Amino acid sequence: METINIIDAPKHVGETVRIGVWLTDKRSSGKIAFLQLRDGTAFFQGILLKNKVSEEIFEMARHDLRQEASFWVTGEIHEDERSKFGYEIQIADIELIGDSNDYPIGNKEHGVDFLMDHRHLWLRSSKPQAMMKIRDRVIRATYEFFGKEGFTKIDPPILTGNAPEGTTNLFHTEYFEQDAYLSQSGQLYEEAGALALNKVYSFGPVFRAEKSKTRRHLIEFWMIEPEMAFMTQEESLEVQERYVAYLVQSVLDDCKRELETLGRDPESLVPFTKLPYPRISYDKAIEMLQAADFDIEWGADFGSPEETYLAGEFNQPVFILNYPKAIKPFYMKNHPTRDDVYVCADLLAPEGYGEIIGGSERETDYETLLQAVKDAGLDPKVYEWYLDLRKYGTVPHSGFGLGLERFLTWITKTDHVRETIPFPRLLNRLYP
Ligand code: 4AD
Ligand code: MG
């Protein structure tokens with residue numbers, strides 16, 4: 001007898017198989033019991049007929065098996081047109097593995113804090129499972145995309161002395177006798193990588209001690225950071241939109257059921273596979289906002305209402321180009337004809353999900369960059385190696401960072417970024 005997973009049940013109709021499962025729910029009458037089962041690959045129903053199994057098994061199923069008990073079921077796979085999954089198992093035998101009593105998550109409504117306190121168990125529910133499957137698909141699609149496009153993955157360090165994204169949200173730690181931080185971004189190392197290997201990317205956890213408690217901010221999140229030598233910002237935007245469209249298409253191809261479980265109509269994602277995405281300047285964005293009666297002046301950064309309005313005008317992800325220098329990091333390339341903006345862009349997701357990508361061309365001139373380091377209040381000694389890149393064969397290069405969890409929040413139409421990562425780190429959450 002073969003041991004299988006629920007997801008493979010369609011290939012075993014009429015066969016007797018064995019499956020390791022947990023119980024999610026059950027109901028029974030005097031003659032029949034329905035067990036709702038899961039094994040992490042899918043959910044389906046097991047049926048026990050009183051006159052087909054031993055008295056002992058039938059009574060155990062009715063009375064002793066409780067939510068999240070684990071056991072082996074043996075039985076025959078049948079088609080079941082009434083269920084969403086389309087198959088069920090007619091159980092002949094049950095072998096209990098692990099008992100479960102008073103499982104804290106029931107069918108009733110629980111508050112998010114309660115569920116987050118029980119995240120280690122909540123992951124067993126259908127929505128978190130669907131989210132983790134989509135997350136996994138996006139991670140694989142990332143490796144596929146950059147592999148196909150000729151990129152080499154370069155892993156930057158996580159313990160570092162530099163602060164590319166500003167000094168206000170650093171996680172400080174001790175590195176023997178030195179000060180160190182948890183990495184906010186691998187970018188500076190990717191720049192070194194690009195000058196060694198041409199097209200590179202990183203994909204790893206980054207850390208920001210964000211004191212803000214918003215629906216979009218995690219303390220620890222995962223970022224994909226490509227960096228490309230001999231590439232202008234305009235060409236980088238083309239890579240960015242191709243990448244985002246590829247991710248959306250991969251999820252559409254392989255995760256329809258998961259999208260539906262999370263309340264995202266797959267059809268509504270189809271427009272986001274169409275390229276190009278619109279591009280507008282920061283200047284134009286300010287004009288649009290002012291025309292719509294937002295109280296905003298040139299030079300200000302966008303908050304969530306501004307980003308929601310702008311993206312809402314396009315029904316597509318939209319690139320906002322050339323932000324004021326004062327609100328962007330020091331490494332960005334100075335504009336060739338203006339001294340108030342950088343050559344950079346953010347990609348805003350539609351439907352109110354805000355910024356999913358930040359990127360720019362990088363400053364290539366040694367003296368200009370050294371001055372920018374000093375103006376940012378950073379210690380040039382710490383950035384000596386980074387400045388070296390401008391001393392030995394500097395070339396135009398561009399790159400960007402996509403926040404995995406921001407992207408997932410958008411494509412799964414989820415309210416809060418905390419649901420897109422297995423164990424979120426938030427301002428007030430280090431548990432579990
Ligand atoms: O715009 P950011 O800060 O850009 C960088 O870190 C650059 N070094 C990237 C690069 O050019 N290589 O962050 C990039 C993206 C944002 O667009 C957003 O999607 C995500 O990272 N992000 C966050 N996601 C979750 N929680 C947070 N606190 C985030 N901060 C940024
Ligand atoms: Mg940004």
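The values are calculated or read from the model by the stated rules, or taken from the named source; none is laboratory data. Because the structure is a prediction, the values reported are computed rather than measured. Because the Cβ atoms are built from the backbone with ideal geometry, glycine has one as well, and the counts that use them run over all protein chains shown. Ligands, DNA and RNA are stripped out before the accessible areas are found, and what is left, the full protein with its side chains, is counted by its heavy atoms. Shrake-Rupley method; radii C 1.70, N 1.55, O 1.52, S 1.80 Å.
Whole-Hz Karplus values for segment 404-415 come out as 4, 6, 4, 4, 5, 4, 5, 5, 9, 6, 9, 5 Hz, taken residue by residue from phi with 6.51 cos²θ - 1.76 cosθ + 1.60 and θ = phi - 60°; glycine and proline positions read x. Place +1 on the Cβ of every Lys and Arg and -1 on the Cβ of every Asp and Glu in segment 119-420, take the dipole about the Cα centre, and give the residue among His335, Gly401, His120 whose Cα lies farthest towards its positive end. Among His335, Gly401, His120, the one farthest towards the positive end of the dipole of segment 119-420 is His120. Here the dipole of the chain is about 760 debye; that uses its Cα centre as origin and unit charges on the Cβ of Lys and Arg (positive) and Asp and Glu (negative). For Arg66, the residues whose amide H sits under 5 Å from its own are Ser100, ignoring neighbours fewer than 5 places away on the same chain, with H placed 1.01 Å from N. The length gained by stretching the chain between Lys381 and Ser281 to full extension, at 0.36 nm per residue less their Cα-Cα distance, is 32.5 nm.
Across the options Tyr201, Met228, Gln184, the greatest Cα extent toward the positive end of the charge dipole of segment 162-277 (unit charges at beta carbon of Lys, Arg, Asp, Glu) belongs to Gln184. Taking the protein heavy atoms of segment 249-337 in the context of the full set of protein chains, the accessible area attributed to carbon and sulfur is 49 percent at 1.4 Å. Got a number for carbon plus sulfur as a percent of segment 2-98's accessible area, 1.4 Å probe? Taking all protein chains in place, segment 2-98 shows 48 percent carbon and sulfur surface. Ignoring aspartates and glutamates fewer than eight residues from Lys256 along the same chain, the ones with Cα atoms less than 12 angstrom from its Cα are Asp265, Glu267.
Set the bar at 31 Å for Cα to Cα. Now go through Lys211/Lys381; Lys133/Lys284; Lys153/Lys391; Lys148/Lys381; Lys26/Lys127; Lys333/Lys381 and name every pair that lies beyond it.
On the way: Lys211/Lys381 28 Å; Lys133/Lys284 39 Å; Lys153/Lys391 24 Å; Lys148/Lys381 38 Å; Lys26/Lys127 19 Å; Lys333/Lys381 21 Å.
From the list (Lys211/Lys381; Lys133/Lys284; Lys153/Lys391; Lys148/Lys381; Lys26/Lys127; Lys333/Lys381), the Cα-Cα distance tops 31 Å for Lys133/Lys284; Lys148/Lys381.
Before I look further, what does segment 2-98 give for accessible area per residue, probe 1.4 Å, in whole square angstrom?
On the way: 4950 Å² over 97 residues.
Counting only protein heavy atoms, the per-residue value for segment 2-98 is 51 Å².
Placing pseudo-labels 7 Å out from each Cα toward the beta carbon at Tyr366 and Arg27 gives an inter-label distance of 7.7 nm.
Rounded to the nearest whole Hz, the Karplus-based 3J(HN,Hα) values (6.51 cos²θ - 1.76 cosθ + 1.60, θ = phi - 60°) of segment 103-112 follow the sequence 4, x, 9, x, 7, 6, 5, 10, x, 5, with x at glycine and proline.
Between amide H atoms placed 1.01 Å from N, distances below 5 Å from His335 occur with Val341, Val343, all of them 5 or more places distant or on a separate chain. I'd like the orientation of helix 282-291 relative to the chain: the angle between its Cα long axis and the longest Cα principal axis, in ° from 0 to 90, rounded to 10. Compared with the principal axis, the helix lies near 70 degrees. Shape annotation for the chain: C-alpha extents along the principal axes are 85, 54, 41 Å, from largest to smallest. Each Cα pair under 8 Å and six or more residues apart adds its sequence gap; the mean of these over the residue count of segment 2-98 is a relative contact order of 30 percent. Taking Cα centre as origin and charging only the Cβ of basic (Lys, Arg, +1) and acidic (Asp, Glu, -1) residues, the dipole magnitude of segment 140-202 rounds to 380 debye.
Peptides 250-258, 295-303 ordered by packing proxy, namely the average of other Cβ atoms within 10 Å per residue, highest first: 250-258, 295-303.
Relative to the longest principal axis of the Cα atoms of the chain, the long axis of helix 187-197 makes an angle of roughly 80 degrees.
Helix 233-254 and the long axis of the chain differ in direction by around 0°, with both axes built from C-alpha atoms.
For the chain, the 222 nm mean residue ellipticity estimated from helices alone, with every DSSP H stretch of n ≥ 4 adding -39500 (n - 2.57) and the total spread over all residues, rounds to -8000 deg cm²/dmol. Taking a point 7 Å from the Cα of Ser100 along the Cα-to-Cβ direction, the residues of segment 19-39 with backbone N closer than 18 Å to it are 19-28, 34-39.
Taken one residue at a time, the phi angles of segment 61-67 give Karplus couplings (6.51, -1.76, 1.60, θ = phi - 60°) of 4, 6, 10, 9, 6, 10, 3 Hz. Gly and Pro are set to x. Summed over the residues of segment 219-378 and divided among them, the accessible surface reaches 42 Å² per residue at a probe radius of 1.4 Å. Relative contact order, whole percent, for the chain stands at 13, derived from Cα pairs under 8 Å and 6 or more residues apart. Subtracting the Cα-Cα distance of Leu430 and Ala300 from their residue separation scaled by 0.36 nm leaves 43.5 nm.
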